[in-house]
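Beneath this line is the structure, given in structure tokens, with notes to follow.
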Amino acid sequence: MPLPTPQINDENRAFWTGGADGELRFERCQACGYYLHPPSPRCPECWSDDVAPEAVSGRGTVYTYTINRQQWMPDLEVPFVLAAVELAEQPGLRLIARVVDCEAPTIGMAVDVAFEPRGDAFIPFFRPAS
Ligand SMILES: [Zn+2]
């Protein structure tokens, strides 16, 4: 059974397809600069509806993590590290993603984003920063 692919729609297209250009993209409020994740049509900080996708650096730090050892699906390779990565651009801007090339990360470890193509989407994951 292949791993599931994201259902791409107008609200999440920039996020799931940014990896084609090597870019991790989040919705960002054009009025106050706040990044929104998950995407939303309205900024929770200033209530502006002027939001548009923008690329971030792809650099972040491990906020917290777990090591999954359960093979939930036949094509899922275990064990793997699943982390909440806090992006450098904004405190609290966190993405849940796999961390590869690392058996056991540490809290605060610096990581860089990379992408795995799957269907029409590019799944972001992270590696220890070089
Ligand atoms: Zn705003």
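The values are calculated or read from the model by the stated rules, or taken from the named source; none is laboratory data. Since the model is a prediction, treat every value here as computed from it, not as a measurement. Note that we place each Cβ from the backbone using ideal geometry, even for glycine, and neighbour counts take in every protein chain shown. Only protein heavy atoms, including side chains, enter the accessible area calculation; ligands, DNA and RNA are left aside. Shrake-Rupley method; radii C 1.70, N 1.55, O 1.52, S 1.80 Å.
Quick look at the values:
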{"read-out": "C-alpha center-to-center spacing [segment 81-101, segment 41-74] in angstrom", "value": "7"}
{"read-out": "Mean ellipticity per residue at 222 nm, deg cm²/dmol - from DSSP H runs of n ≥ 4 across the chain, formula -39500 (n - 2.57)", "value": "-500 deg cm²/dmol"}
{"read-out": "Rounded accessible area of Asp120 (nearest 10 Å², 1.4 Å probe)", "value": "130"}
{"read-out": "Computed over segment 44-94, the ratio Rg/Rh where both radii use C-alpha atoms and Rh is Kirkwood", "value": "1.15"}
{"read-out": "Within the accessible area of segment 1-125 (1.4 Å probe), percent carbon and sulfur", "value": "50"}
{"read-out": "The chain pair-distance distribution - Cα-Cα, 5 Å bins, rounded %", "value": "2, 11, 19, 21, 20, 16, 8, 3, 1, 0"}
{"read-out": "Label point at Asp21 placed 7 Å out along Cα→Cβ; residues across segment 114-129 whose backbone nitrogen lies under 15 Å", "value": "122"}
{"read-out": "With all protein chains modelled, accessible area of Thr17 [1.4 Å, Å²]", "value": "40"}
{"read-out": "Nitroxide proxy distance, nm - points 7 Å out along Cα→Cβ at Ala88 and Thr106", "value": "2.0"}
{"read-out": "Whole-number accessible area per residue in Å² for segment 13-128, which is evaluated in the context of all protein chains at 1.4 Å", "value": "56"}
{"read-out": "Charge tally in the Cβ shell below 12 Å around Tyr34, where Lys, Arg are +1 and Asp, Glu are -1, Tyr34 excluded", "value": "-3"}
{"read-out": "Net lengthening on full extension, Glu116/Ser40 (0.36 nm per residue, minus Cα-Cα)", "value": "24.9 nm"}
{"read-out": "Pairwise FRET efficiency - Asp10 versus Glu77, Cβ, R0 = 22 Å, nearest 0.05", "value": "0.10"}
{"read-out": "Top positive-direction residue, dipole computed over the chain with Cβ charges, set Gly92, Leu76, Gly18", "value": "Leu76"}
{"read-out": "Accessible area, probe 1.4 Å, largest first, for residues Val81, Val113", "value": "Val113, Val81"}
{"read-out": "Separation in nanometres of the label points that stand 7 Å from Cα toward Cβ, at Ser57 and Ala129", "value": "0.6"}
